[in-house]
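The values are calculated or read from the model by the stated rules, or taken from the named source; none is laboratory data. Note that the structure is predicted; figures quoted are calculated from it, not measured. Note that each Cβ is placed from the backbone with ideal geometry, even for glycine, and that neighbours are counted across all protein chains shown.
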Amino acid sequence: MTFQFKIQLTDISKPPVWRRVSVPSTFNFEQFHQVIQAAFGWLDYHLYSFSPNGWGSSPVITNDDESEDDCILAKKAKLSKFFTKEGDKFVYIYDFGDNWMHKIVLEKILPEKTKNADCLAGKGTCPPEDCGGPWGYEELKITLADKTHSEYSEMKEWLGLSDLEEFDPNEFDLEFAKEMVSEI
């Protein structure tokens, strides 16, 4: 079987940032994490967890080998054990400092068996790593939308943008995301 998920960053709007992916139901949560990283454009610098409702809910599925006893290691947890029907939801938290929360919804269970993941659609630019979470990202968008802002040049330099390049929060390159996800 193949699972089709919609994954959306919470607390981000104008534009929202989301991706639609398909993955084999046999994937484990470590593989799913890699798909999410590739689809969004994250750089996989930080710890992460999956849980039904985010912080304080269980079970917690994580990559942290030193986590508490009641946590499940992501590489040992199959998606098909936790996603059993369309509409099932989970939360993926990436970077416990910036607290990027992603709402995951299982949209479809398709009978076709696949071996590879795919990015099917998306919207919005993934926020830069370490920009301060949703609130920092909102501030960054405001700063980069105003060329007269006192921190405009500093933020462009921090992002590695040339004088001719502009930051576009609406940008999403589906073909690039498909290519990155296909490598998982």
Taking region 66-119 and the residues there that are touching a Gly at 6+ places or on another chain (Cβ under 9 Å) and part of a loop (DSSP other than H, G, I, E, B), the one that is surrounded by the fewest Cβ atoms within 10 Å (Cβ to Cβ) would be Gly97
Just one of (1) surrounded by fewer than 20 Cβ atoms within 10 Å (Cβ to Cβ); (2) touching a Ser or Thr at 6+ places or on another chain (Cβ under 9 Å) trips up Ser49, so point out which.
-> (1)
Of all residues in region 153-178 being assigned to a loop (DSSP other than H, G, I, E, B) and farther than 24 Å from Gln37 by Cβ, which is modelled with the lowest pLDDT?
-> Asp163
Scanning for something in contact with a Pro (Cβ under 9 Å, 6 or more places away or on another chain) and either more than 27 Å from Lys178 (Cβ to Cβ) or without any contact (Cβ under 8 Å) to a residue 12 or more places away in the chain (or both), does region 110-117 turn up at least one residue?
-> no
Of (1) part of a helix (DSSP H, G or I); (2) under 23 Å from Asn63 (Cβ atoms), Lys141 fails just (2)
In region 124-181, what residues are farther than 22 Å from Asp98 by Cα and charged (D, E, K, R)?
-> Asp146, Lys147, Asp163, Glu165, Glu166, Asp173, Glu175, Lys178, Glu179
Given (1) buried (at least 19 other Cβ atoms within 10 Å of the Cβ); (2) in contact (Cβ under 8 Å) with a residue 60 or more places away in the chain; (3) under 12 Å from the mean Cα position of the chain (by Cα), number of the condition Leu43 does not satisfy = (1)
Scan region 19-47 for residues that are among the aromatic types (Phe, Trp, Tyr) and in contact with a helix residue (DSSP H, G or I) (Cβ under 9 Å, 6 or more places away or on another chain) and jot them down.
-> Phe27, Phe29, Phe32, Phe40, Trp42
Which ones in region 12-49 are over 19 Å from Cys126 (Cα atoms) and hydrophobic (A, V, I, L, M, F, W, C)?
-> Val23, Phe27, Phe29
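Yes or no, residue by residue, for (1) under 26 Å from Gln31 (Cβ atoms); (2) surrounded by fewer than 17 Cβ atoms within 10 Å (Cβ to Cβ):
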residue: Gly133; (1), (2): yes, no
residue: Tyr137; (1), (2): no, no
residue: Leu144; (1), (2): no, no
residue: Thr148; (1), (2): no, yes
residue: Ala177; (1), (2): yes, no
Number of the exception - Gly97 against (1) more than 16 Å from the chain's Cα centre (by Cα); (2) of a type outside the set (Ser, Thr, Tyr); (3) farther than 18 Å from Ile7 by Cβ = (1)
Criterion (under 19 Å from Asp130 (Cα atoms), out of contact with any His (no Cβ under 6 Å at 6 or more places or on another chain) and at pLDDT below 95) met by exactly one of Ser13, Ser57, Ser67 = Ser13
Of the conditions (1) modelled with pLDDT of 95 or more; (2) outside any helix (DSSP H, G or I); (3) of a type in the set (Val, Ile, Thr), the single one that Ile184 does not satisfy is (1)
